[in-house]
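Participant: Quick one: structure below, then a few questions.
The values are calculated or read from the model by the stated rules, or taken from the named source; none is laboratory data. This one's a predicted model, so the numbers in the text were calculated from it and none came from an experiment. Counting neighbours? That spans all protein chains shown, and the Cβs are built from the backbone with ideal geometry, glycine included. Side chains are part of the model used for accessible areas, which takes the heavy atoms of the whole protein and leaves out ligands, DNA and RNA. Shrake-Rupley method; radii C 1.70, N 1.55, O 1.52, S 1.80 Å.
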Amino acid sequence: MVNSTVFAPWEDPGQTPLIRIENVTKRFGDFTAIDDVSIDIYTREFFALLGPSGCGKTTLMRMLAGFETPSEGRITIDGKDMAGVPPNKRAVNMMFQSYALFPHLTVWDNIAFGLRRDRMDKDRVAARVEEMLKLTQLQKFAKRKPHQISGGQRQRVALARSLAKAPKLLLLDEPLGALDKKLREETQFELMEIQEKTGTTFVIVTHDQEEAMTVASRVAVMNHGKLVQVDTPERIYEAPKSVYVADFIGDVNLIEGLVASVGELAELTWAEGKAPLIGQSGASLKAGDEAVFAIRPEKIAISREEPEARNRVRGKIVDIGYLGNLSVYHVQLPDGSYMKCEVGNRSRVSRRDYTWEDEVWLSWTDTAGLVLPS
Amino acid sequence: MKRLFTVIPYAWLIVLFLVPFAIVFKISLSDYAVSIPPYAPTLDIAGGWQAVKDFLGELDFENYVFLTEDALYWKAYLSSLKIAAISTVLTLLVGYPIAYGMARAPEAWRPTLMMLVILPFWTSFLIRVYAWIGILATEGLLNQFLLWIGIIDAPLGLLNTPTAVYIGIVYTYLPFMILPIYAALDRLDPSLLEAAEDLGCSRTTAFWTVTVPLSRPGVIAGCFLVFIPAVGEVVIPSLLGGSDTLMIGKILWEEFFSNRDWPVASAVATILLLILVVPIVLFQRQQQAAREAEQ
Ligand SMILES: Nc1ncnc2c1ncn2[C@@H]1O[C@H](COP(=O)(O)OP(=O)(O)OP(=O)(O)O)[C@@H](O)[C@H]1O
Ligand SMILES: [Mg+2]
């Protein structure tokens, strides 16, 4: 994310997007898999599609690759309308979720497959394949068949194969799903490096929000075939526009109430006899609306003495989760609801300050929470 | 217990293959005789060691020499191989599209289609071949139909020609071709074809560069399964082929049952077996390789 502050073509009206998805709807029979989606994706972006299973991520990718045609709406890539353009005529390559490596071909031939289709001459094919092998550190495995290499290596072959043709747009459908955490993180950084080097535009589908946050220039959160929010990872996390997004990305405490006042900050009354909660106003709200207060567990401080902060609640610790680098306290409020609070473990567990059944105060600053329409 | 299970197949092989083969081989070394059984010498164990020695002394390779002297035999072998090879290719040409169609049919239809392919096995092979006489005869259904729609003016003489034999073999062995090819195509991951298209193949090139190579094990298995039994086929050339179709199975039959020359017939059978050992071994190897590639 080194460049994220500089690289923001979506904020520059002078830029033309590489991909325009305009009011695209896709129906299978009477089931609507994609519902009136519009997205602009810019050159050199690393664009992540995020959403629960069955929300239509793969379907959207398959429409970009040309395996499905939109029921309504229009997709243009590089200014060209893609309607009726078959997959083999698009400057788009896809890395399949299952890798889809050709089992009868060696690693080398798998990578060369697309180049040969372009009737490229032998030397150039060989040079390009070698380049790809080097990029993905697969030189040693060139002569092997896909069933003779490991899962992580296969995934790199799939990546090399889809990169070999230097597509304008590379689609990655859950490319790292099969890898263990460590290998996945390594590969994420490899992907970002490759993207820097090649300048290809990436669209990546993932189930893993952490992955989306790590690699993406922008994240699109989808639900039931609709786009819920498209934004940079930071804004998706810090300024979700809806409870759905706040809840989908990361952990969040949600407290229901009524909007008391809206100004610079919004106030939410949530329980009789309690001071209202104060937070940033997430979207157009007016006094009297039903709303939800969203606060991330790591933004909450825990203390024994009553703190100064205006947002403070009292409760009892009912559970402590130890996650190594941090501890999660589950605190029950007097009204019976629960809140989660995360505290970094700077000292050893044995010296932990709080324990089960302790009465504690939870507090957070005025700008830490968000008031969102429910 | 475990040992028992490994012994069973070998015992099976010995009792049902090696012993009969040894007997046939022994008869092929004997001489024709007007007696029961119709060959000499026969072994008389009661005579002791001397009898065994005499018996062995009388065995010779005369019948094999005879097979090389009469052109009928090697021509029949060659003709059988040729007919089997051509039939195999024809069966492949008919069977591959059927298997391909089955593999691409909607999931719900496939069991039904599979049933239709296997269905003929439920009636007797002999009856099915006889049925083809009814279809191919001069007054048969095919000619009646073609005359009726006016494609031909005079009935075709199909029965008792090599064409009839090809039709018979292709019809009979088609399921042996379809099933292994279907199995290979069914295993083929459809995303491979999408990947091929994604990398620049048209549908047609994707078929030739992905589908065909990946169905090759099925094609090879199917070809062997048709070729091997077709070489020794007896019933089809006898019933449909008439007198001018030369096949070694037919010769064998005639030597045994018309001439009652068991020794020559046994020699014919032994040579046929030796010829077939080559493709059988090749087939086994291919199966082995296919299994290994699958891991
Ligand atoms: N060919 C099809 N026919 C009918 N329905 C389909 C077809 N393809 C997808 N769907 C439906 O469309 C919806 C979206 O599917 P899609 O594969 O795009 O989900 P996804 O977001 O990729 O999910 P996952 O994260 O599980 O991969 C699903 O409910 C699925 O059942
Ligand atoms: Mg999917």
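Participant: List the longest stretch of chain A that has no exposed loop site; here a site is one of the trypsin sites (Lys or Arg not before Pro) assigned by DSSP to anything other than H, G, I, E or B, with at most 11 other Cβ within 10 Å. Each step should come with its number before you reach the end.
Facilitator: Numbers: sites that count: A:R119, A:K143, A:K286, A:R304, A:R346, A:R348.
Between the exposed loop sites, the longest stretch runs A:144-285.
Participant: Wrap a convex hull around the Cα atoms of the stretch B:142-219, take a quarter of its surface area, and give that in square nanometres. Provide the component values of the computation, followed by the final result.
Facilitator: Numbers: hull surface 31.8 nm².
Over all viewing directions, the stretch B:142-219 projects a mean Cα-hull area of 8.0 nm².
Participant: Enumerate the aspartates and glutamates that B:K250 could reach by cross-link, defined here as Cα to Cα under 20 Å, with residues fewer than 8 away along the same chain left out.
Facilitator: B:E69, B:D70, B:E233, B:D261
Participant: Along the principal axes of its C-alpha atoms, what lengths does the stretch B:69-294 span, in descending order and rounded to whole Å?
Facilitator: Extents along the principal axes: 65, 49, 31 Å.
Participant: Which one, B:P180, A:T43, A:V331, is farthest towards the positive end of the dipole of the protein assembly as shown when Lys and Arg carry +1 and Asp and Glu -1 on their Cβ?
Facilitator: B:P180
Participant: While we're here: Just read off the accessible area of A:W10 with the full protein assembly in place, 1.4 Å probe, to the nearest 10 Å².
Facilitator: Surface accessible to solvent at A:W10 totals approximately 50 Å².
Participant: Continuing with the same structure: Can you pull out the buried accessible area for chains B and A, both sides counted, probe 1.4 Å, rounded to the nearest 100 Å²?
Facilitator: Rounded to the nearest hundred, the buried surface is 1700 Å².
Participant: Next question. When ligands, DNA and RNA are left out and all protein chains stay put, how many square angstrom of accessible area per residue does the stretch A:1-105 have with a 1.4 Å probe?
Facilitator: Counting only protein heavy atoms, the per-residue value for the stretch A:1-105 is 46 Å².
Participant: In the stretch B:167-209, what residues drop by 50 Å² or more in accessible surface going from the chain by itself to the full protein assembly, probe 1.4 Å?
Facilitator: In the stretch B:167-209, residues shielded by partner chains: B:L192, B:E194, B:E197, B:D198, B:L199.
Participant: Let me have the relative contact order for chain A, percent, based on Cα pairs under 8 Å that are six or more residues apart.
Facilitator: This gives 15 percent for chain A.
Participant: So what does log10 I(q)/I(0) come out to for the stretch B:1-60 at q = 0.12, 0.13 Å⁻¹, using the Debye formula with one equal point on every Cα and no solvent?
Facilitator: -0.45, -0.50
Participant: Calculate what fraction, in whole %, of the accessible area of chain B sits on carbon and sulfur atoms when a 1.4 Å probe is rolled over the protein chains.
Facilitator: 71 percent
Participant: Ok, one more. In Å², and per residue, what accessible area does the stretch A:251-373 have when probed at 1.4 Å with the other protein chains present?
Facilitator: Per residue, the stretch A:251-373 has an accessible area of 54 Å².
Participant: Taking amide H atoms as placed 1.01 Å from N in the peptide plane, list the residues 5 or more away in sequence, or in a different chain, whose amide H sits under 5 Å from that of A:N253.
Facilitator: Close amide H contacts, sequence-distant or interchain: A:I295, A:R296.
Participant: Give me the net charge for the shell around A:T25: Cβ to Cβ below 14 angstrom, other residues only, Lys and Arg +1, Asp and Glu -1.
Facilitator: Result for the neighbourhood of A:T25: -2.
Participant: If you don't mind, another one. Considering only protein heavy atoms, what per residue accessible area in square angstrom results for the stretch B:69-294 with a 1.4 angstrom probe?
Facilitator: Computed with neighbouring chains in place, this is 50 Å² per residue.
Participant: A further question on this structure: Counting only residues 5 or more places away or on other chains, whose amide H sits under 5 Å from the amide H of A:I34 once H atoms are built in the peptide plane?
Facilitator: A:K26
Participant: Considering only Cα-Cα distances, which of the following residue pairs are longer than 19 Å: A:K299/A:K340; A:K143/A:K168; A:K57/A:K145?
Facilitator: The answer is A:K143/A:K168; A:K57/A:K145.
Participant: Which of the lysines could a cross-linker bridge to B:K53, judged by Cα under 27 Å and excluding same-chain residues fewer than eight apart?
Facilitator: Counting by Cα, and skipping residues close in sequence, B:K53 has these lysines nearby: B:K26.
Participant: Other chains' Cβ within 10 Å of A:88-97 residues: what's the mean?
Facilitator: Averaged over the peptide's residues, the number is 4.
Participant: Next question, about the same structure. Computing the accessible area with a 1.4 Å probe over protein heavy atoms, can you report the carbon and sulfur percentage for the stretch A:251-373?
Facilitator: 47 percent
Participant: Also: For chain B, what is the charge dipole size about the Cα centre, in debye to the nearest 20, if Lys and Arg each add +1 at the Cβ and Asp and Glu each add -1 at the Cβ?
Facilitator: It works out to roughly 740 debye.
Participant: Let me ask something else about it. Putting +1 on Lys and Arg Cβ atoms and -1 on Asp and Glu Cβ atoms, find which of A:F28, B:L113, A:N93 reaches farthest to the positive end of the dipole of the protein assembly as shown.
Facilitator: The Cα lying farthest towards the positive end belongs to A:N93.
Participant: Return the inverse of the average 1/r over all pairs of distinct C-alpha atoms in the stretch A:62-209, which is the Kirkwood hydrodynamic radius, in Å to one decimal.
Facilitator: 16.0 Å
Participant: Quick one: Cα convex hull volume of the stretch A:122-234, Å³ per residue?
Facilitator: 124 Å³
Participant: Taking the C-alpha atoms of the stretch A:206-245, how large are the radius of gyration and the largest Cα-Cα span, Dmax, in Å?
Facilitator: 9.4, 24
Participant: Normalise the Cα radius of gyration of the stretch A:219-292 by 2.2 N^0.38 Å (N = residues in it) and let me know the number.
Facilitator: Working: Rg = 13.4 Å, N = 74, 2.2 N^0.38 = 11.3 Å.
Normalised Cα radius of gyration, the stretch A:219-292: 1.19.
Participant: Also, I was wondering about something else. Share of Cα-Cα pairs in chain A beyond 34 Å, in percent?
Facilitator: Counting every Cα pair in chain A, those more than 34 Å apart make up 41 percent.
Participant: What area, in nm² and to one decimal, does the C-alpha convex hull of the protein assembly as shown cast on average over all directions? Don't skip to the answer; put the middle values down first.
Facilitator: Numbers: hull surface 199.4 nm².
Mean projected area of the Cα convex hull: 49.8 nm².
Participant: Evaluate the Kirkwood expression for the hydrodynamic radius of the stretch A:251-373, namely the inverse of the mean inverse distance over all pairs of different C-alpha atoms, and round to one decimal in Å.
Facilitator: One over the average 1/r among Cα pairs gives 14.9 Å for the stretch A:251-373.
Participant: Sorted from largest down, give the three principal axis spans of the alpha carbons of the stretch B:115-183, whole angstrom values.
Facilitator: Principal extents (largest minus smallest coordinate, Cα): 43, 22, 22 Å.
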